[in-house]
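Asks: Before I ask anything, let me first share the structure, which is written out below as structure tokens.
The values are calculated or read from the model by the stated rules, or taken from the named source; none is laboratory data. Computed from a predicted model, the values in this text were never measured in an experiment. Cβ sites come from the backbone with ideal geometry, for glycine too, and all protein chains shown count toward neighbours.
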Amino acid sequence: MAREIKKAGVDCDTNQADAYINGWKRKYFKAAAFLIGCHNAIDTFGFVETPFGRRRHFQPSVNKAKRSGQNREAANFPIQGTVADLLSTALYNMQVWKDSGTCPAEFNLLLPVHDAIMAEVKPEHLYDYVNLVLPACMSYECEIPGTGKHLDLDIDLYYRWGVKLTPEQKEELNFNHIFRRD
């Protein structure tokens, strides 16, 4: 940690880095316990698991460098894997609703990218897509199993691939009206 902090241009020794880490563990004790649980699962079960039941298996190792890598992977997999599982569920929900003929907005699913879904939507369908389709398919119908928790949405609109809407385009589309302010 000290080495990484130094790379960012901040003078830090190992004692200071340990203090940062310990402070983080005290402040975010639930997150720290989660990470320890992930690390312990390697030894106890030989795998970690997403709430959807997808597993990442590990071969036990006493090699310090290999074990450090396994600990990072074990902590990352349940988080990233759960997001991937939720994204798959959202894509499925969107396609089912679109195919049902009752969807209030016309759209084309283009591509999932990491933790996002790219879709093509005509301006006249944008309001219903943003306010009805996305919340229903990506939040309300995407519960993390066993938690009762749903995702929040962050929505970005682009005119073309990689080109955000200009202020003029936002005004033309009545952009502020698209996002409900409940």
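Asks: Within the range 45-96, restricting attention to residues that are of a type in the set (Phe, Trp, Tyr) and more than 20 Å from the chain's Cα centre (by Cα), which residue is surrounded by the most Cβ atoms within 10 Å (Cβ to Cβ)?
Replies: The extreme case among them is Phe58.
Asks: What residue, among those in the range 97-119 that are more than 18 Å from the chain's Cα centre (by Cα) and of a type in the set (A, V, I, L, M), is nearest to Gly162 (Cα to Cα)?
Replies: The qualifying residue nearest to Gly162 (Cα to Cα) is Leu110.
Asks: Sticking with this structure for a sec: For the range 131-182, name all the residues that are loosely packed, with under 10 Cβ neighbours inside 10 Å and either outside any loop (DSSP other than H, G, I, E, B) or in contact with a Phe, Trp or Tyr (Cβ under 6 Å, 6 or more places away or on another chain) (or both).
Replies: Arg160, Val163, Pro167, Glu168, Asn176
Asks: Search the range 99-130 for residues being part of a helix (DSSP H, G or I) and touching a Pro at 6+ places or on another chain (Cβ under 9 Å), and hand back the single one that is surrounded by the fewest Cβ atoms within 10 Å (Cβ to Cβ).
Replies: His125
Asks: When you go through Thr102, Thr89 one by one, which is the residue that is free of Cβ contacts under 8 Å to residues at least 40 places away in the same chain, assigned by TED's automatic domain parsing to the domain that holds Ser139 and over 15 Å from Leu35 (Cα atoms)?
Replies: Thr102
Asks: When only residues in the range 7-32 that are within 23 Å of the chain's Cα centre (by Cα) and surrounded by fewer than 11 Cβ atoms within 10 Å (Cβ to Cβ) count, which is nearest to Gly148 (Cα to Cα)?
Replies: Once the filter is applied, the top-ranked residue is Lys30.
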